[in-house]
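Following: one structure in structure tokens, then a few remarks.
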Amino acid sequence: MQTGPEADEKAESLVEQTVDQVARLMNPRTIAIIGASGSEGSKRTGRPLKSLLKHGFTGKVFPVNPKYSSIDNLPCYKSVKDVPEDIDLAAIILARDRVFQALDECVAKRVRTVMIYSSGFAELGHEGRVLQSRLASIAQQGGVRICGPNAASLVNVRQGMALSLSTGLTVDKLVPGNIGFASHSGAFISTALRLANEKGFGYSYMVSLGNEVDLTIADFIHFFVEDPDTRVIAAFVEGLKDGKNFRRIATLAADRRKPILIVKAGRSERGGRVAASHTGSITGDDRAYSAAFRQLGVIRVNDVSELVEISMLFSRYDPPTQTDAAIVCAGSGGAASLMADLAEQKGLKLADFSPTLRETLAKALTQFSIVLNPIDIAGVTADPDEEPALFRACLENLAREGTVGIIVVVIPVVSYAVQIIQHVVDVLRTANKPIVPILLGGSLFPECFRILEENRIPYFSSCDQGVKAVKALQEYGDFLVRRHTSTTEGQRPHVLTDERGRARAEMIALLRNGRDVLTLNTAAGILRRYGFRFPVQGLARSDREARHIAKSSGLPVAMKVESVKILHKSDVSGVRLGIESLSTVENVFGELMHASLQRAESSEVDGILVQQMVRPHTEIILGCKRDPSFGHVLLVGLGGVFVELLNEFSLRLPPVSLMDARQMITELRGEKILMGFRGKGRADIDALAEAIVNFSCLIEELGEFIEEVDINPLFLLEEGKGALIGDALFVLNRNGR
């Protein structure tokens, strides 16, 4: 397998070719519909042509069906090979067994992009997967890129291209917008389209791509990243085939400040099975997805309605650099209390008002108003226009305040709701920050809805929905700030490059010698080259040698079996701690050797590791495992008894920066223990962060040889004293040789 710069350049070239091919698919000048029927009636095979004609496709359409000489006043051809012009895109709507001939004819015609609506492939199991691989073979040999099979919709709003089997595309008009939507589900295209259109928002492109025999959802997301008309990327994902490629694309999206919002199905075991039967996807470990999304700035949402609503918020507003929010409640102390509770529950950051701002607001509002955050504008007066005017003054002051990045407006049922909305519209013309209305009156606010939709201002119908959306806006803005800051920090280990080169050579030598597993003593050399330290220790092959090592290191000591056949030492009582006499060391050596030889041949037992006892501040577990979608995923958590007791940890993809590492630590519920709890001093958190960074670089650079690693415990010492590896196990990847 080719590796190195040349392989990277080749992969980059293929990626760029794919983006160009997706662009051809999404912006065709000529379309052939193979298996087309008339647009009259309700036949599914007539819907793509019907949608194209209805929405005024700007290119040319060529129906292909040997049964007809014309369809909808368009000439109809027996085969795509008979079409007199070059075809940019062929849409195949045929029974499964007829797809192969049609695809062969597309190859002969030199059609470069094909959309296959037909189902009955990988989603049906083994037989379907065999047939789907046949499609892949034809496409690869013929130079054709395929969207599908089991696809449902391909939409380019500005071009009037609504190539779809869905009845959802029968809307009177496609509203142009800047949201690109890719989905593994066909039905969700219709749902997302209508939800956005109802509020005056629209899409640039939409695609339902089905089984991904060739082009993947990541390929379409990449196209959206590169497309100047797309500002927000939304997706319904059942699984990612190439997590590494997705990571590269998500990083590019962050460079362009284009948020990616995803509904990821398959969180549960049952959900994973349903997703696999739906499109034949591999859903992967959901915790790995959550970790990857968090690290990459991808916003994970719970359902399609939430996806659309938050997408509209990003469609209207740039991610703010200052993300603290101010909440203004019109005439309702109850709403202010509710919003305060929700903000705390959801982790919404509220701005701390300066004394100057509080004084300014107190002067501008009535004496009954609460000028905390959330603000309650209260106090009925004889003048019916006074309270809306107070609201306007409050809004203008918050719009000028530098410590406020987002303004949330909560409007219960009040007589002046329309005036408030008009004030929002007016202030937004000059305000350089998002203003997010939450209307609690439902159908009582038709005029408010009309004004907001005309001015393309996203709004929410419940406090919970609004807080979730603003929280997403905050998190993405904070992510961009952190990302910018982390570029100034190193994310390479604090060891020399040539040391890491020697670690690679050492790993290759171990593999060539037939090693599948590395225990602590064997892996120590590699770990040291990445900056890790160990207690004083040595490998004993006799009781005398054990005694000598214990005497040299200093009592008390720990003694541990070292054998590639005994990965879980507790299975043979293979660890003894706190041994305080040299005579006991000799006895324990004999006991451990006897126990190990009951489970392994003498040639498979390296010896007994004698290790100076360490009294750490806290024991940490540091590990990684290969995920089918994303490759290696790093894990950090409290070790020792806390592993099973708390069963909580933080995950990331390697490599990580120091900022990433520190964030991983803060995500642990046990962080309070590390910070010093009930009189206990602080642990060396800086040393832990550096260990995480170094470990992530080890995995990035040697990952091709590694299946999983478990460092447990990592002894984290008191502040300023570092960290020591207590035990480690590497399971190697046979294919990495």
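In the chain, excluding the sites themselves, the longest stretch lacking any of the GluC sites (Glu not before Pro) that are in a DSSP loop with at most 14 other Cβ atoms within 10 Å is 199-488. Computed from Cα positions, the angle between helix 463-486 and the longest principal axis of the chain comes to roughly 60 degrees. On full extension, the segment bounded by VAL107 and ARG528 gains 146.0 nm, given 0.36 nm per residue less the C-alpha separation.
Candidate cross-link partners of LYS471 among the aspartates and glutamates, defined by an alpha-carbon separation under 19 Å and a same-chain spacing of 8 or more, comprise ASP303, GLU306, GLU309, ASP318, ASP324, ASP341, GLU344, ASP352, GLU667. Label-to-label distance, ALA389 versus VAL614, with points set 7 angstrom from Cα along the beta-carbon direction: 7.1 nm.
Of all DSSP beta bridges confined to the chain, the antiparallel ones make up roughly 50%.
Helix 582-597 and the longest principal axis of the Cα set of the chain meet at an angle near 60°. Annotation: lysines with alpha-carbon distance below 19 angstrom to LYS551 (same-chain offsets under eight excluded): LYS560.
Only lysine pairs 8 or more places apart or on separate chains count here, and in the range 32-171 those with Cα atoms under 21 Å apart total 14.
Helix 685-702 and the longest principal axis of the C-alpha atoms of the chain enclose an angle of approximately 80°. Is the shape of the range 81-196 rounded, prolate or oblate, going by the alpha carbon gyration tensor and its root eigenvalues a ≥ b ≥ c, with a/c under 1.5 for rounded and a/b larger than b/c for prolate? Oblate. Estimated from the Cβ-Cβ distance and a Förster radius of 30 angstrom, the FRET efficiency linking SER290 and LYS565 is about 0.25.
Multiplying the residue separation of GLU396 and ASN73 by 0.36 nm and subtracting their alpha-carbon distance yields 110.4 nm. Using R0 = 56 Å, the C-beta based FRET efficiency linking ASP352 and ARG158 works out to 0.80.
When only Cα pairs below 8 angstrom with a gap of at least 6 residues are kept, the chain shows a relative contact order of 8 percent. Relative to the compact-globule estimate of 2.2 N^0.38 Å, the Cα radius of gyration of the range 618-736 comes out at 1.03.
Considering only LEU240, GLY56, GLN295, the residue lying farthest towards the positive end of the dipole of the chain is GLY56, judged by Cα position with unit charges set on Cβ. Loop-resident trypsin sites (Lys or Arg not before Pro) (DSSP state other than H, G, I, E or B) in the range 201-261 with no more than 16 further Cβ atoms inside 10 Å of their Cβ: LYS241, ARG256, ARG257.
Which value at 222 nm does the chain reach when only helices count, each DSSP H run of 4 or more adding -39,500 (n - 2.57), with the total divided by all residues and rounded to the nearest 500 deg cm²/dmol?
Taking each H run of at least 4 residues, the total per residue is -13000 deg cm²/dmol.
Projecting the Cα atoms of GLN465, ALA728, ALA336 onto the charge dipole of the chain, computed from C-beta unit charges around the Cα centre, puts ALA728 farthest toward the positive end. Subtracting the Cα-Cα distance of HIS548 and ALA431 from their residue separation scaled by 0.36 nm leaves 34.6 nm.
Only one of the listed values, (1) 184; (2) 174; (3) 216, was derived from the coordinates as volume of the Cα convex hull per residue in Å³; which label is it? Matching entry in (1) 184; (2) 174; (3) 216: (1).
Of all aspartates and glutamates in the structure, those lying under 17 Å Cα to Cα from LYS672, and not within fewer than 8 positions of it along the same chain, are GLU619, GLU648, ASP684, ASP686, GLU718, GLU719.
A short reminder: the numbers here are calculations on the coordinates, not readings from a lab. This one's a predicted model, so the numbers in the text were calculated from it and none came from an experiment. Every residue, glycine as well, gets a Cβ built from its backbone with ideal geometry; the counts of neighbours run over all protein chains shown.
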